[in-house]
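The values are calculated or read from the model by the stated rules, or taken from the named source; none is laboratory data. The structure displayed is predicted, hence computed values, not measured ones. Cβ placement follows ideal geometry from the backbone for every residue including glycine, while neighbour counts extend to all protein chains displayed. These accessible areas exclude ligands, DNA and RNA; they are computed on the full protein's heavy atoms, side chains included. Shrake-Rupley method; radii C 1.70, N 1.55, O 1.52, S 1.80 Å.
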Amino acid sequence: MPVVKKNEGVAYPKQAIDEGFRKTVEVAVLLDVDATGAVTRAAVEKPVGHGLDEAAVAAGQKLEFSPALRGGKPVAVRNLR
C-alpha cells in the first residue's frame, strides 16, 4: 500500500459553520494513487453535505504518498481509503 508522506489535513468548511453544522464527522474518500505516489482521483464514498464533501476531496487531492510496491516496483493503487 502507498504510505502518506504529506498530509495538510482539512479545514472545517465555512458553509458548515454558516449552516450551524458543527459536529465532528468522518468523510470516507476513495483515492486513486499513481505509481509516482500522486493522487489522480479523489471521490467521496458517502456524501455528508454542508461543504464537508468538497473539503474532504480537496484535502485528499493534496495528499502525497510514497508509491505502493509490487515486486519492488512502484505500482498504481485504485480506490484506496
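Yes or no: V25 out of contact with any strand residue (DSSP E or B) (no Cβ under 9 Å at 6 or more places or on another chain) and on the phi < 0 side of the Ramachandran plot? The answer is yes for V25.
Inside the stretch 12-34, can you point out the residues that are open to solvent by less than 80 Å² (accessible area, probe 1.4 Å) and farther than 22 Å from L80 by Cβ? Residues satisfying the conditions are P13, A16, I17, G20, F21.
Note on the stretch 1-75: enclosed strands (runs of 3 or more DSSP E) holding 1 or more residues that are modelled with pLDDT of 95 or more and touching a Phe, Trp or Tyr at 6+ places or on another chain (Cβ under 9 Å) are 3-6, 29-33, 39-44. Inspect all residues belonging to the stretch 47-60 and state whether any of them is more than 18 Å from E8 (Cβ to Cβ) and open to solvent by 80 Å² or more (accessible area, probe 1.4 Å). Yes, there is a match, as at least one residue in the stretch 47-60 is more than 18 Å from E8 (Cβ to Cβ) and open to solvent by 80 Å² or more (accessible area, probe 1.4 Å).
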